[in-house]
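Engineer: Got a structure here, written out as structure tokens. Questions coming.
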Amino acid sequence: MGRSALVKACATVIFSGLLLESVAAPGAAPPPPTAGAPAAGTASAVPAPKSPVRYRPDRFAGRAGTYYRLVWGVDSLNVKWAESGEVIRFSYRILDPDKAQELQDKKAEPSLIDPRAGVSLVVPSLEQVGQLRQSTDAEAGKSYWMAFSNKGRLVKRGDHVIVVIGQFRADGLVVD
């Protein structure tokens, strides 16, 4: 008998033995409950299924997050596709107002670059409102945002973009 035939024969014997144990003879008493198992006729101890967990990757590698925290005093960098794709919203949280002053500078012209689409988006300036960005004095622990015009919806969800504000540059941010 060959090795593969012997393995198949052993598997068949084990499987048939398991089947025989699981099938109870008519009129036979049910097996005694095991420790921790609920008694017959009681509610099941199996927990209800939870909602599915969605995998959400880190926004960027650990080194990049550390770099933005230490050098620029910001974290929680986020790029979202908003207003049916007509606007791309960039937001961040300031940890150190002194280091993050470059991001709040009104003179610094922000841009969002999408290498895949080959475009560079700007923050629009409206007559009655002004620029669509927050440029107040930086405060630690507060979140700030700016909106880039995405006319023609050239930047799509899932694109890897670059945000540039003066000397600040954030590479590889994913549009949500």
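Engineer: Could you list, in sequence order, all residues of segment 79-96 that are in contact with a strand residue (DSSP E or B) (Cβ under 6 Å, 6 or more places away or on another chain), of a type outside the set (A, V, I, L, M) and open to solvent by less than 30 Å² (accessible area, probe 1.4 Å)?
Structural biologist: The answer is 90, 91, 92.
Engineer: Within the set of pairs 6 or more residues apart or between chains, which connect a residue that is within 22 Å of residue 161 (Cα to Cα) inside segment 98-111 to a residue that is part of a helix (DSSP H, G or I) with Cβ atoms less than 7 Å apart?
Structural biologist: Going by the 7 Å Cβ cut-off, the qualifying pairs are 100/72; 108/102.
Engineer: Something else about it: Please enumerate the residues belonging to segment 164-176 that are more than 19 Å from the chain's Cα centre (by Cα) and surrounded by 13 or more Cβ atoms within 10 Å (Cβ to Cβ).
Structural biologist: 164, 165, 166, 168
Engineer: Residue 99 passes all but one of (1) out of contact with any Phe, Trp or Tyr (no Cβ under 6 Å at 6 or more places or on another chain); (2) in a loop (DSSP other than H, G, I, E, B); which number fails?
Structural biologist: (1)
Engineer: Do you know which residues across segment 122-161 are of a type in the set (Val, Ile, Thr) and surrounded by 16 or more Cβ atoms within 10 Å (Cβ to Cβ)?
Structural biologist: 123, 155, 161
Engineer: Can you tell me which condition residue 68 does not meet? The list is (1) hydroxyl-bearing (Ser, Thr, Tyr); (2) closer than 16 Å to residue 176 by Cα; (3) not in a strand (DSSP E or B), and all the others hold.
Structural biologist: Residue 68 satisfies all of (1) hydroxyl-bearing (Ser, Thr, Tyr); (2) closer than 16 Å to residue 176 by Cα; (3) not in a strand (DSSP E or B) except (2).
The values are calculated or read from the model by the stated rules, or taken from the named source; none is laboratory data. Computed from a predicted structure; not experimentally measured. So basically every Cβ, Gly included, is an ideal-geometry build from the backbone, and we count neighbours across all protein chains shown. Accessible surface areas use protein heavy atoms only, side chains included; no ligands, DNA or RNA. Shrake-Rupley method; radii C 1.70, N 1.55, O 1.52, S 1.80 Å.
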